[in-house]
2 protein chains.
Amino acid sequence: MSNQQIILVRRPKGYPRAEHFALSEGTMPTCKNGEVLIKNLFVSADPAMRGWVSDEKNYLKPVGINSVMRSIAVGEVIESQHPDYSEGELVTGWFGWQQYAAVTPDQIFRKVTECGGSNLIPVSASLGVLGLNGITAYLALNQIGQPKAGETILISTAAGAVGSIAGQLAKQAGCRVLGITGSDEKVAQCLSDFGYDAAINYKQDGNLERSITELCNGNSIDIFFDQTSGSISDAVWPHMNLNGRIIQCGTSAIDSWSPKPQAPRRERDFITKRLLQQGFVVFDHMEKWPAVAEVLAALIRQKQLQYKEHKYQGLNKAPTALENLYLGNNTGKSVIQINHFNN
Amino acid sequence: MSNQQIILVRRPKGYPRAEHFALSEGTMPTCKNGEVLIKNLFVSADPAMRGWVSDEKNYLKPVGINSVMRSIAVGEVIESQHPDYSEGELVTGWFGWQQYAAVTPDQIFRKVTECGGSNLIPVSASLGVLGLNGITAYLALNQIGQPKAGETILISTAAGAVGSIAGQLAKQAGCRVLGITGSDEKVAQCLSDFGYDAAINYKQDGNLERSITELCNGNSIDIFFDQTSGSISDAVWPHMNLNGRIIQCGTSAIDSWSPKPQAPRRERDFITKRLLQQGFVVFDHMEKWPAVAEVLAALIRQKQLQYKEHKYQGLNKAPTALENLYLGNNTGKSVIQINHFNN
């Protein structure tokens, strides 16, 4: 029995495209003592993958050439040689772009108990709103942003898998929520689905400074949920309020960090406005994932949290799904379905 | 009876020099109901004054042209029309570069009870180690830096009025303490008087990157107490450790912020190293001044805290004292004596 896998064949300059990956026929892994054999149901395509396939310094080791592409996945336990896991359970973790994975418990993030079967929430949600993206939005917003009623928050990539959740959570905390996004369609989504008070398409007008000034409409920004860096960040910074917080959660606008790009110097802003800026990586907080997933699942069931998924069918679509992310061709969290639950 | 005052006559480009000020003969103020009349004993010269005389946006309003120069001072109450203050008490606050000031209580920071008279600590210490500088060092270090035993801290302007106190406090917290300073004499002071483990004169070698790498000697930096910004900051940043904290306490290396200078873009560093950077202004924390002054005074009496003062005699020396700060011609906190206590 074979195990289809997607491997990284070349390191991209700039963002990863389909051509940097290839389909490979691996052998079906055996489940050794202490391991769990997983049949992947959905694998993921995430903006962070650009960093994972780069050999620049990052928070995880680069994916090796000719290695299976690193991915969070959700799958079904089909054989267990570990006492904590049983056949038929749903689990999410580092299972890679492949059909099957034999893993040790340290590669498993958590058991997924709120999705699939008789639950109202689909299995794929465990990768997005109840996984990497929703948990990032929740923890980064609350730990660093610490939103208070009446404050103004600005979120870049506002309609994305993280931004759309952060926006709704900030709104529930009583904030005025402003969004920056990359198309008129996404602006409409922000306003109709994700509870933003105002949003702009940063491409609509050549003058980013003016667009953001209009977006702020006289409000200074207490929390900046920055997922882009680059010229969007530079245009937002002058609008920061006294005691503002900058959540650094992504840098999607920067293609390469070597050589290091230049930016306006910010030390004086830190002092005059007593700003706080902090970087966030959700993998530092694995112990909090189950509890946060439970909070977010409850909000979904109460219809207080909207999320969108962009679903692809078949493992061979994973590289295209990833490329589409950087082209802005996705709406919502990109997931790639490989198998169906309990089949 | 006259009241000698130093007024700001022109706004400097770059740092303030003696020529931007003039001696003026004011009239002796009268003490109205609710006011306190103070005879200044010492006034201060501080690096922050560059910001106060600039009309660029800052945390305080710019000093007006032909107005008395803003300064923290320590003085004796010689008449009180307010129930909380009595003749003969020592107080510190915003009393300006002048002999006498009639002030309301909101201009008074605190009563000085640990200095002068039969105390072992001189009155002037209330402006430096027990005032602006020592309290800045203590609060910025502990609130933002949160030093832990075994960590490495790097302090720029290491022998200065703030840096020298921060260095000693960090050493007492169990840190490895590294200093950057501007002369060989100050390096020697750091090592002999202020408890630094290592220090460099950043002017000694044209290659700041190499000097700082040697200073770190294989240790990454957990806390960067940044008082300079500019090329020193840029050379320190690559040495930051995972979960590092950057205390932004000054920007003495930058002469002008308009137009805004450029710097290496740092958003990626924030994420990969989970850095936290925060600006600090000690005037946000006036309610903590009395308690911190008490802690620091106890350390001085126990001979666990060294401080240096650069003492000038006569109000007319204040502008020169200030100019000397920016030329690096001071050793320790610059204070200008105007009167003696109880005379």
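The values are calculated or read from the model by the stated rules, or taken from the named source; none is laboratory data. Quantities reported herein were computed from a predicted structural model and do not represent experimental measurements. Positions of Cβ are generated from backbone atoms using ideal geometry, with glycine treated the same way; all protein chains shown enter the neighbour counts. For the accessible areas, the whole protein counts, side chains as well, though only heavy atoms, and no ligand, DNA or RNA atoms are used. Shrake-Rupley method; radii C 1.70, N 1.55, O 1.52, S 1.80 Å.
Label-point spacing at B:G14 relative to the other copies reads 4.5 nm, in ascending order, each point sitting 7 Å out from Cα along Cα→Cβ. Which FRET efficiency value, to the nearest 0.05, do you get for B:V9 and B:T113 by plugging their Cβ-Cβ distance into 1/(1 + (r/R0)^6) with R0 = 25 Å? The pair B:V9/B:T113 has a calculated efficiency of 0.10. Couplings for the stretch B:203-208, taken from phi via the Karplus curve 6.51 cos²θ - 1.76 cosθ + 1.60 with θ = phi - 60°, read 8, 5, 9, x, 10, 4 Hz in order; Gly and Pro are left as x. All distinct Cα pairs of the stretch B:259-311 go into the 1/r average, and the inverse of that average, the Kirkwood radius, is 15.5 Å.
Among the GluC sites (Glu not before Pro) found in the stretch A:119-223, not one is both in a DSSP coil and sparsely packed, with 12 or fewer other Cβ atoms within 10 Å of its Cβ. Label points for B:Q172 are taken 7 Å from Cα along Cα→Cβ. From this copy to the others they lie 4.6 nm apart, shortest first.
So what's the protein assembly as shown giving for Cα Rg divided by 2.2 N^0.38 Å, two decimals?
Values: Rg = 29.7 Å, N = 686, 2.2 N^0.38 = 26.3 Å.
Normalised Cα radius of gyration, the protein assembly as shown: 1.13.
Share of carbon and sulfur in the accessible area of the protein assembly as shown stands at 47%, probe radius 1.4 Å. Of the residues making up the stretch B:45-92, those losing 20 Å² or more of accessible area when the isolated chain is joined by the remaining protein chains, with a 1.4 Å probe, are B:K57, B:N58, B:Y59.
Take the Cα of A:E287, step 7 Å along the line toward its Cβ, and report every residue of the stretch B:119-159 whose backbone nitrogen sits under 20 Å from that point. Residues passing the 20 Å test: B:148-149.
Considering only B:P62, A:A18, A:A298, and ranking their Cα positions along the charge dipole of the protein assembly as shown that arises from unit charges at the beta-carbon of Lys, Arg, Asp and Glu, the one farthest toward the positive end is A:A18. Length gained on full extension, A:Q204 to A:D255, computed as 0.36 nm times the residue gap minus the Cα-Cα distance: 16.2 nm.
Taking every DSSP bridge with both residues inside chain B, close to 55 percent are antiparallel. GNM on chain B, alpha-carbon springs under 10 angstrom: the most fluctuating residue among B:I155, B:I65, B:I200 is B:I65.
Estimated at 0.36 nm per residue, the fully extended path between B:T27 and B:L60 surpasses their Cα-Cα distance by 9.2 nm. Net charge dipole, chain A: roughly 540 debye, given to the nearest 20, about the Cα centre with Cβ charges of +1 for Lys and Arg and -1 for Asp and Glu.
In a DSSP loop and with at most 13 other Cβ atoms within 10 Å, there are no trypsin sites (Lys or Arg not before Pro) in the stretch A:153-194. Surface listing: A:V43, A:V9 arranged by accessible area from highest to lowest gives A:V9, A:V43, probe 1.4 Å.
Working from Cα pairs under 8 Å separated by at least six residues, relative contact order for chain B is 19 percent.
Name the shape class, rounded, prolate or oblate, that the alpha-carbon gyration tensor gives for the stretch A:165-319, where a ≥ b ≥ c are the square roots of its eigenvalues, rounded holds for a/c under 1.5, and otherwise prolate holds if a/b is larger than b/c and oblate otherwise. Kindly include the intermediate steps, with their values, before the conclusion.
Values: a/c = 1.38, a/b = 1.34, b/c = 1.03.
Judged from the Cα gyration tensor, the stretch A:165-319 comes out rounded (a/c under 1.5).
Across peptide B:254-266, the mean count of Cβ atoms from other chains lying within 10 Å of each residue's own Cβ comes to 5. Surface analysis of the stretch B:3-132 yields an accessible area of 40 Å² per residue, using protein heavy atoms and a 1.4 Å probe. Mind jotting down the distance between the C-alpha centroids of the stretch A:52-107 and the stretch B:85-104, whole Å? Value for the Cα centre distance between the two parts: 69 Å.
Looking at the stretch A:224-343, the accessible area is 39 square angstrom per residue; that uses a 1.4 Å probe and ignores ligands, DNA and RNA.
Based on alpha carbons, the Rg and Dmax found for the stretch A:18-57 are 14.5, 37 Å. Under a 5 Å amide H cut-off, with hydrogens placed 1.01 Å from N, B:A263 pairs with A:A263, A:R265 among residues at least 5 apart or on other chains. About its Cα centre, the protein assembly as shown has a charge dipole of approximately 580 debye under the convention of +1 per Lys or Arg Cβ and -1 per Asp or Glu Cβ, with nothing else charged. Using a simple spin-label model with pseudo-atoms 7 Å out from Cα toward Cβ, A:L242 and B:S231 lie 3.6 nm apart.
Just going by the charge dipole of the protein assembly as shown, with Lys and Arg at +1 and Asp and Glu at -1 on Cβ, which of A:N316, B:A161, A:I165 is farthest out on the positive end? Farthest towards the positive end: A:N316.
The charge dipole of the stretch B:5-122, taken about its Cα centre with unit charges on the Cβ of Lys, Arg, Asp and Glu (plus for the first two, minus for the last two), comes to roughly 620 debye. For the stretch A:218-261, the Kirkwood hydrodynamic radius from C-alpha pairs, put into Stokes-Einstein at 37 °C and a viscosity of 0.692 mPa s, yields a diffusion coefficient of 294 µm² per second. Counting DSSP beta bridges in the protein assembly as shown, what percent are antiparallel, to the nearest 5? Taking every DSSP beta bridge with both residues in the protein assembly as shown, the antiparallel ones total about 55 percent. Remark: label point of B:M28 defined 7 Å out from Cα along the Cα-Cβ vector; separations to the same position in other copies 10.4 nm, ascending. The phi torsions of the stretch B:249-261, fed into the Karplus equation with coefficients 6.51, -1.76 and 1.60 and a -60° offset, translate into couplings of 10, x, 9, 5, 7, 9, 6, 8, 10, 9, x, 5, x Hz, rounded to whole numbers, with Gly and Pro shown as x.
With all pairs of different C-alpha atoms in the average, the Kirkwood value for the hydrodynamic radius of the stretch A:295-343 is 12.4 Å. Phi-derived couplings, Karplus 6.51 cos²θ - 1.76 cosθ + 1.60 at θ = phi - 60°, listed residue by residue for the stretch A:149-164: 4, x, 7, 10, 10, 10, 10, 8, 6, 5, 9, x, 5, 8, x, 5 Hz, with x used for Gly and Pro.
In chain B, the alpha-carbon atoms span a convex hull of 131 Å³ per residue.
Between A and B, buried accessible area from a 1.4 angstrom probe totals roughly 3400 Å², ignoring ligands, DNA and RNA.
Could you state the number of Å between the C-alpha centres of the stretch B:159-216 and the stretch B:245-271? About 21 Å separates the Cα centre of the stretch B:245-271 from the one of the stretch B:159-216.
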